[in-house]
Amino acid sequence: MLDLEDLILRPMEAGDLADVLAWRNAENVRRNMLNDKFISMAEHQAWFKDRQADPGCEWLVAELSATPVGVVGITDIDPSDGTATWSMYLSESVKTPGVGALMEYQVIE
């Protein structure tokens, strides 16, 4: 059974881009996105550069037992009214039940 300590969220780094792009381009993720087109690495790098400069968002990588397994995006952060939008997706390799629920809990915390 998973414990809260098994999963951490940390800021996304340039070294995460290949994994995050593979997760995002997976068919089971793409078909549930607002934009379901296949994304190139050049597009992904440009997106990441823009996100790093945007104070209204945070992108986090989820690690399960020190292995990257998913990503959480917190966007449209509005400190004046305490609201934001968030999204998440997992690597297709994740077979452990409850990882998504832990990610949700960690984001809320």
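Residues in the stretch 62-93 that are modelled with pLDDT under 90 and surrounded by 16 or more Cβ atoms within 10 Å (Cβ to Cβ): there are none. Beta carbons closer than 6 Å, at least 6 apart along the sequence or on distinct chains, pair a first residue in the stretch 64-93 that is farther than 15 Å from Arg24 by Cα with a second that is open to solvent by 80 Å² or more (accessible area, probe 1.4 Å) for Ile74/Glu58; Ile74/Trp86; Ala84/Asp76; Thr85/Asp76. Here Asp16 fulfils each of the conditions (1) among the acidic types (Asp, Glu); (2) open to solvent by 60 Å² or more (accessible area, probe 1.4 Å); (3) at pLDDT 95 or above apart from (2).
Take the residues in the stretch 40-61 that are within 14 Å of Glu13 (Cβ to Cβ) and in contact with a Ser or Thr (Cβ under 9 Å, 6 or more places away or on another chain), then tell me which one is most open to solvent (accessible area, probe 1.4 Å). Break it down stepwise before answering.
Keep residues of the stretch 40-61 that are within 14 Å of Glu13 (Cβ to Cβ), which gives 44-45, 48-49, 51-52, 58-61.
With in contact with a Ser or Thr (Cβ under 9 Å, 6 or more places away or on another chain) added as a condition, the list becomes 51, 58-59.
Numbers: Arg51: 66, Glu58: 94, Trp59: 47 Å².
My answer is Glu58.
The values are calculated or read from the model by the stated rules, or taken from the named source; none is laboratory data. Predicted model, so just to flag it, every value in this text is computed and none were measured. Positions of Cβ are generated from backbone atoms using ideal geometry, with glycine treated the same way; all protein chains shown enter the neighbour counts. Surface accessibility is based on the protein's heavy atoms, side chains included, excluding ligands, DNA and RNA. Shrake-Rupley method; radii C 1.70, N 1.55, O 1.52, S 1.80 Å.
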